[in-house]
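Input: a single structure, listed below in structure tokens.
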Amino acid sequence: MIHHTAVIPGEKTAPRKKRDIDKYHQARGFEILCFGSVYHMAYHYLILPNGKVQAGRPERCEGAHAEGYNSYLGISVVGDFSSEDNPTGKKGPTKPSDKQIAALIQLCRRLQHRYNIPLQHIVRHSDISSTKCPGNEFPFRAVLHQLELPGGVESRSR
């Protein structure tokens, strides 16, 4: 399931690092004890604007990112991609960076292969809940299209 971080309530911009999200999710009570360790971040993965993928809670631990769908792996892309909530970019990136999209596609491919996840099970938070997440400026159809291609982004650039 794909999310955007949006803006943490009380802050002016989207979180810039994993620690910001971890602290916010801790305050919201998203803590889980899993395999002897405590995790707060609700997502399994976080993709930073530079395309770096950071692990949240382990894949084998239930997420806390979408009520009723926390068995799905949660991936959050840093930014606020809602043109209504972030029309001018004052709250962070209005669209995912090319590096974020490339990292997301690579991560989704890896997870699809590892867990035999069909394309139709790659969904946005807004597909299963009444939310705008990951925002109307998130290029979901383009991401799905890349995932349908045999080599995705990598094969196009050769």
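The values are calculated or read from the model by the stated rules, or taken from the named source; none is laboratory data. These numbers were taken from a predicted model, which means no experiment stands behind them. Cβ atoms come from the backbone with ideal geometry, glycine included; neighbour counts cover every protein chain shown.
Observations, loosely collected:
- When residues of segment 9-22 are limited to those that are closer than 18 Å to Arg57 by Cβ and surrounded by 14 or more Cβ atoms within 10 Å (Cβ to Cβ), the one modelled with the lowest pLDDT: Pro15
- The residue that is surrounded by the fewest Cβ atoms within 10 Å (Cβ to Cβ), counting only those in segment 104-131 that are over 19 Å from Gly63 (Cβ atoms) and touching a helix residue (DSSP H, G or I) at 6+ places or on another chain (Cβ under 7 Å), is Leu119.
- Contacts under 7 angstrom Cβ, first residue in segment 88-111 being on the phi > 0 side of the Ramachandran plot, partner buried (at least 16 other Cβ atoms within 10 Å of the Cβ) and among the acidic types (Asp, Glu), 6 or more apart: Gly92/Asp80
- Residues in segment 85-103 that are aliphatic (A, V, I, L, M) and in contact with a helix residue (DSSP H, G or I) (Cβ under 9 Å, 6 or more places away or on another chain): Ile101, Ala102.
- Any hit, segment 47-63, residues being polar (S, T, N, Q) and farther than 24 Å from Gly92 by Cβ: no
- Every residue from segment 122-144 that is part of a helix (DSSP H, G or I) and either free of Cβ contacts under 8 Å to residues at least 12 places away in the same chain or of a type in the set (Asp, Glu) (or both): Ser126, Asp127, Arg141
- Residue check for Ile101: touching a Leu at 6+ places or on another chain (Cβ under 8 Å), crowded, with 18+ Cβ neighbours inside 10 Å and outside any loop (DSSP other than H, G, I, E, B): no
- Candidate set from segment 29-67 (those that are among the small types (Gly, Ala, Ser) and not in a loop (DSSP other than H, G, I, E, B)); member that is surrounded by the fewest Cβ atoms within 10 Å (Cβ to Cβ): Ser37
- Residues of segment 33-43 classified as of a type outside the set (Phe, Trp, Tyr) and either touching a His at 6+ places or on another chain (Cβ under 8 Å) or at pLDDT below 90 (or both), total: 3
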